[in-house]
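The values are calculated or read from the model by the stated rules, or taken from the named source; none is laboratory data. Nothing here was measured: the structure is a model prediction, and the numbers come from that model. Every residue, glycine as well, gets a Cβ built from its backbone with ideal geometry; the counts of neighbours run over all protein chains shown.
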Amino acid sequence: MAIDINKLSWLVGGEAGYGIMTAGQKFARAMILGGLNVFTHVEYPSLIRGGHNSFGVRVEERELTCPILLYNLVAALNKDTIIRHKNFVTAGGGIIYDANEVNIDECSIRYDIRLYNVPLMEILKSIKGAIKIMRNSVLLGASIAVLDYDFDYLAEAIRGVNSKKKKGSKIAELNVRAAKKGYDYVKKNYLSDFEVKLKKKTRKKRMLLTGNQAIGLGAIKAGCKFLSAYPMTPASSIMNYYAKKELDSEVVMKQADDEISAINMALGASYAGVRSMTSTSGGGLALMSETISLLGMTEVPLVIVNVQRPGPSTGLPTRQGQGDLKFVLNIGHGEFPRIVIAPGDVEECFYETFNAFNFAEKYQLPVFIVSDKHLAVSYKSIPKFNTSHLKIDRGLLLSDEEAANLKDYKRFMITENGVSPRAIPGQKCMFRSSSDEHNEYGEICEKGDNKILQEDKRFRKLKTAEKEIPLPKLYGPKKADLTIISWGSTKGAILEAMDYLESDGIKANFLHFVYVFPFHSEYVREFLKNSKNVVDVEENKSAQLAGIISEFTGFKIEKKVLKYNGRTFYPSEIYDELKGVYNG
């Protein structure tokens, strides 16, 4: 049997509340410590305890962009994990389980799957002070042994994660001992001939980050000193990240009573001159609608993060979807400009969040960052960010001296580019802000000609911003047999599917929309007119990006690959669909 070196897809599963997520993070960190790259995939129900949680880790030497559908090795804490995932185990793959907890004969396992019976609770009973939740560490040790990987890396990862907790050192050592017992048990009782082996490479400086963590880090780098939000899955970990960074980074995280309070706090802080942000998901964003419209009228800059989940209503709170794109493009009564950014991976979450704050202040408008559950919670190993080129640009924000020297300050002055000089309360120039339509001084004005002047002024910002908003990013050759159109986190799976197509001799390219609005109509129209076999790939029912493209360019995309079952795309699924389109 051929053995794959450093090419693994691993999964741990069990009930919520039994350390599945922690186990997955430790496994991923152990891989990075050995010089390997990872991409993780998390699924969990809307429950605190019970149900089924799973944490998948894909491992290779090359940089990874997405999870895959099949697993080489499944570490199961219970029978439900085996039943749910047995059909996704590769031929020659394995399942680690505890026969004292699971009657494997009832699970109808294929003959080509290897079984590793490890007595998890019996092992823990031999360790003084160990508790039931530490079964996850026994599973980790057993997994490392099956894969013939260096146990020291797992021990280092366990200590790194557990040492941050209360009584960390003691808990860490108990977990290391549990893992070592699991490791030794497998080495003693099973042959070292599994289909995958992991070998250390030269350790590189790598970070392990989720999209939400990268957004938080990008905001801090951009000088965002205030985050107000109300917890809502899958956006809540942005709040958690900011709360942990309050002292070290001199930022403030305020948990508000609700989403309405959250955005109003953020608006107030920004109005006072502090770079501010709020984060939520679709239902929370709906509550923010009136204040978003107020941002449009008062021209207060604000970054708003919407981490999507499937709707409508409560929908699937912990699952994947891309159903809010048109909602974000149109939220708020009346008409006012905005910028909409949809990062496609962890790196873009960091850099585009930084850019979002510059754009918000330069053009004095709301900037939306549109993420989703898959991007929010998936860990990816990445090199350290290059921040040498990142410069904070606060636009036409007046200094105290500039404000004091103004003789006739017009906060909403009519300008050629739509942007007016911005003062903040406390500076020595007087101005008014109102939710009503107003004249250049901010005084309420209901004259028709003034309405036209102010509305046109606000919308000129879009023309100005469009000059520096990046074009959609093209991956692959300019001319191709297939042209893929998409946005957001589908990026990773599409890029890998393109590799599969290339192996079949099919040349594909991919136009990825990170900046969805302002929309580069002329560029997109010309590109699509000169492309063949154009296919829209999205994780929603109505092909929202395709509809936006049709609205702004008149080009109608007929071929669509859509997924809206609350789960992310796998590259094999996209490949199969695109192959069908090509063979048409």
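Tabulated results
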{"read-out": "Hits in the stretch 220-238 - residues which are out of contact with any Lys or Arg (no Cβ under 6 Å at 6 or more places or on another chain) and closer than 19 Å to Ala286 by Cβ", "value": "Ala229, Tyr230, Pro231, Met232, Thr233, Ala235, Ser236, Ile238"}
{"read-out": "Of all residues in the stretch 28-70 being in contact with a helix residue (DSSP H, G or I) (Cβ under 6 Å, 6 or more places away or on another chain) and not aliphatic (A, V, I, L, M), the one that is farthest from Glu347 (Cα to Cα)", "value": "His52"}
{"read-out": "Pairs with Cβ under 8 Å, 6+ apart, first in the stretch 117-129 and in the same structural domain as Asn78 (by TED's automatic domain parsing), second of a type in the set (Ser, Thr, Tyr)", "value": "Asn117/Tyr97; Val118/Tyr97; Val118/Tyr185; Pro119/Tyr185; Ile123/Tyr185"}
{"read-out": "Selection count, the stretch 183-212, where residues are surrounded by fewer than 19 Cβ atoms within 10 Å (Cβ to Cβ), part of a helix (DSSP H, G or I) and in contact (Cβ under 8 Å) with a residue 24 or more places away in the chain", "value": "2"}
{"read-out": "Test result for Lys204, modelled with pLDDT under 95 and over 17 Å from the mean Cα position of the chain (by Cα)", "value": "yes"}
{"read-out": "Yes/no for Glu401 being surrounded by fewer than 16 Cβ atoms within 10 Å (Cβ to Cβ) and part of a helix (DSSP H, G or I)", "value": "yes"}
{"read-out": "Residue list for the stretch 7-52, restricted to those being of a type in the set (Ser, Thr, Tyr) and without any contact (Cβ under 8 Å) to a residue 60 or more places away in the chain", "value": "none"}
{"read-out": "Any chance Phe350 is under 21 Å from Lys491 (Cβ atoms) and out of contact with any strand residue (DSSP E or B) (no Cβ under 7 Å at 6 or more places or on another chain)", "value": "yes"}
{"read-out": "The stretch 440-455, subset in contact (Cβ under 8 Å) with a residue 24 or more places away in the chain and surrounded by fewer than 18 Cβ atoms within 10 Å (Cβ to Cβ), residue nearest to the chain's Cα centre (by Cα)", "value": "Glu455"}
{"read-out": "Whichever residue in the stretch 30-65 is of a type in the set (D, E, K, R) and under 19 Å from the mean Cα position of the chain (by Cα) and, among such residues, is surrounded by the fewest Cβ atoms within 10 Å (Cβ to Cβ)", "value": "Glu63"}
{"read-out": "Count of the stretch 213-239 residues which are part of a helix (DSSP H, G or I) and more than 15 Å from the chain's Cα centre (by Cα)", "value": "2"}
{"read-out": "Inter-residue pairs, beta-carbon under 7 Å, first free of Cβ contacts under 8 Å to residues at least 24 places away in the same chain and in the stretch 536-555, second assigned to a loop (DSSP other than H, G, I, E, B), 6+ apart", "value": "Ser550/Lys556"}
{"read-out": "Out of Ala269, Ala229, sole residue that is surrounded by 18 or more Cβ atoms within 10 Å (Cβ to Cβ), outside the structural domain of Val38 (by TED's automatic domain parsing), touching a Phe, Trp or Tyr at 6+ places or on another chain (Cβ under 7 Å) and farther than 30 Å from Tyr153 by Cα", "value": "Ala269"}
{"read-out": "Hits in the stretch 415-439 (condition: aliphatic (A, V, I, L, M), without any contact (Cβ under 8 Å) to a residue 60 or more places away in the chain and surrounded by 15 or more Cβ atoms within 10 Å (Cβ to Cβ))", "value": "Val419, Ala423"}
{"read-out": "Of the criteria (1) out of contact with any Phe, Trp or Tyr (no Cβ under 6 Å at 6 or more places or on another chain); (2) crowded, with 21+ Cβ neighbours inside 10 Å; (3) under 22 Å from Gly182 (Cα atoms); (4) not polar (S, T, N, Q), which one Val89 fails", "value": "(1)"}
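Rundown of residues vs (1) under 21 Å from the mean Cα position of the chain (by Cα); (2) within 30 Å of Phe55 (Cα to Cα), yes/no style:
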residue	(1), (2)
Ala546	no, no
Phe552	no, no
Phe555	no, no
Glu558	no, no
Asn565	yes, yes
Tyr575	no, yes
Lys579	no, yes
Asn583	no, no
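Here is a yes/no grid of residues against (1) basic (Lys, Arg); (2) closer than 14 Å to Ala28 by Cα:
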position	(1), (2)
Lys128	yes, no
Lys132	yes, no
Gly141	no, yes
Ala155	no, yes
Arg159	yes, yes
Asp184	no, no
